[in-house]
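There's a structure below that I have some questions on.
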Amino acid sequence: MKFIHVTDLHLVEESEILWGLKPIETLDACLADIQKHHADAAFVAITGDLAERGEVAAYELLKQRLSTLGLPVLLMLGNHDDRTNFKQVFSDVPLDHGGFVQQVREDHGGVFLFLDTLKGPPSSAGLYTPERREWLSQQLDKAAGRPVYLFMHHPPFSIAHELMDKIMLDDPEEFAALLQGHDVKHIFFGHGHRAVSGVWRGISFSALPSLNHQLPLVGGSVETVYSHEPPAYAVVHVTGEGIIVHNDAFYDRKAATMPADAERGTWY
Ligand SMILES: [Fe+2]
């Protein structure tokens, strides 16, 4: 099966510029590229920071854009989001028993769990409270040994980034304890505004650039906190043998400087 991972839209009003860029323009280009090249994807998962200031108008803009995508979309909240405003606009999104934006999707024999790690202002960190943990624990039990894939905004571990590690999930040990004894294959997250991948306690993980502004790997390598680097979405294949994650820098993709007929048919 194939699905798409997108993160950190940071939507503002349609005409507004955020850190030199218009978030809605990148989102429009992203969705158009997905429609054109990946209309056969099982779903699109967007791992939070949907709106820069959690405003109703931004969620309405997102809802309008997603209405014509033609693919199921799973939305999560990040530290820039407002749970109340989100639920007001996306009133049909499934919630857990505590009203948190958490849902499950069973697809191709796998269990895909979409988590709510929003702690709330003024903190930008994440939090996974006992009632949210209870929901996750129940879902993991229900998975009954089937492969599980987790989606969340905040990473539950250090990603070796000076700034991001200060605002990761606040309660990583409690979170890690929940996963023991279950077949969690991969964690997809956002928040870092960077492409990051690796393995944590035997579980592979991947994260993506934002669709708007990025975070330089080395603080001070540019004179601003944020940087301009290519946005991307990920195309994820779950095969019988493992997981393949392609990051596609759709917004910067263009033909190479070469004749259109050069280098064709000579590779194999
Ligand atoms: Fe973000």
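Residues in the stretch 39-50: is at least one open to solvent by less than 10 Å² (accessible area, probe 1.4 Å), part of a helix (DSSP H, G or I) and either out of contact with any Ser or Thr (no Cβ under 6 Å at 6 or more places or on another chain) or of a type in the set (Lys, Arg) (or both)?
No: the stretch 39-50 contains no residue that is open to solvent by less than 10 Å² (accessible area, probe 1.4 Å), part of a helix (DSSP H, G or I) and either out of contact with any Ser or Thr (no Cβ under 6 Å at 6 or more places or on another chain) or of a type in the set (Lys, Arg) (or both).
Tell me, please, whether a residue that is of a type in the set (Ser, Thr, Tyr), within 16 Å of the ligand (Cβ to nearest atom), buried (at least 17 other Cβ atoms within 10 Å of the Cβ) and without any contact (Cβ under 8 Å) to a residue 60 or more places away in the chain can be found in the stretch 6-23. Write out each step before concluding.
Kept after step one, since they are of a type in the set (Ser, Thr, Tyr), are these residues of the stretch 6-23: 7, 15.
With within 16 Å of the ligand (Cβ to nearest atom) added as a condition, the list becomes 7.
Then keep just the ones that are buried (at least 17 other Cβ atoms within 10 Å of the Cβ); that gives 7.
Then drop every residue that is not without any contact (Cβ under 8 Å) to a residue 60 or more places away in the chain, which leaves none.
No, that holds for no residue.
Output the residues belonging to the stretch 121-166 that are part of a helix (DSSP H, G or I) and buried (at least 17 other Cβ atoms within 10 Å of the Cβ).
ARG132, TRP135, LEU136, GLN139, LEU140, ALA143, MET164
Identify, please: which residue in the stretch 210-224 is without any contact (Cβ under 8 Å) to a residue 40 or more places away in the chain and in a loop (DSSP other than H, G, I, E, B) and is, among those, surrounded by the fewest Cβ atoms within 10 Å (Cβ to Cβ)? Write out each step before concluding.
Pass one, the stretch 210-224, residues without any contact (Cβ under 8 Å) to a residue 40 or more places away in the chain: 214, 216, 218, 220-224.
Subset that is in a loop (DSSP other than H, G, I, E, B): 216, 218, 220-224.
Values: PRO216: 18, VAL218: 8, GLY220: 8, SER221: 8, VAL222: 13, GLU223: 6, THR224: 10.
Going through the qualifying residues, I end up with GLU223.
Pick from the stretch 64-98 the residues that are part of a loop (DSSP other than H, G, I, E, B) and either of a type in the set (Asp, Glu) or under 12 Å from MET152 (Cα atoms) (or both): which of them is nearest to the ligand (Cβ to nearest atom)? It would help to see each step written out before you state the result.
If we filter the stretch 64-98 for residues that are part of a loop (DSSP other than H, G, I, E, B), which is where we start, we get 67-72, 77-82, 90-98.
Now restrict to residues that are either of a type in the set (Asp, Glu) or under 12 Å from MET152 (Cα atoms) (or both): 77-79, 81-82, 92, 96.
Values: LEU77: 11, GLY78: 6, ASN79: 7, ASP81: 10, ASP82: 14, ASP92: 25, ASP96: 23 Å.
So the residue we want is GLY78.
Any idea which of VAL111, VAL101 is in a loop (DSSP other than H, G, I, E, B), open to solvent by less than 10 Å² (accessible area, probe 1.4 Å), touching a helix residue (DSSP H, G or I) at 6+ places or on another chain (Cβ under 7 Å) and more than 14 Å from the ligand (Cβ to nearest atom)? Before the answer, list the steps.
Details: VAL111 fails: in a loop (DSSP other than H, G, I, E, B).
Residue meeting the stated conditions: VAL101.
Also: For the subset of the stretch 181-199 comprising residues that are open to solvent by 60 Å² or more (accessible area, probe 1.4 Å) and part of a strand (DSSP E or B), which member is nearest to the ligand (Cβ to nearest atom)?
Once the filter is applied, the top-ranked residue is SER197.
The values are calculated or read from the model by the stated rules, or taken from the named source; none is laboratory data. It should be emphasised that the depicted structure is a prediction, and the values quoted were computed from it without experimental measurement. For neighbour counting, all protein chains shown are included, and Cβ atoms are generated from backbone atoms with ideal geometry for every residue, glycine included. To get the accessible areas, we keep the full protein, side chains included, count just its heavy atoms, and leave off ligands, DNA and RNA. Shrake-Rupley method; radii C 1.70, N 1.55, O 1.52, S 1.80 Å.
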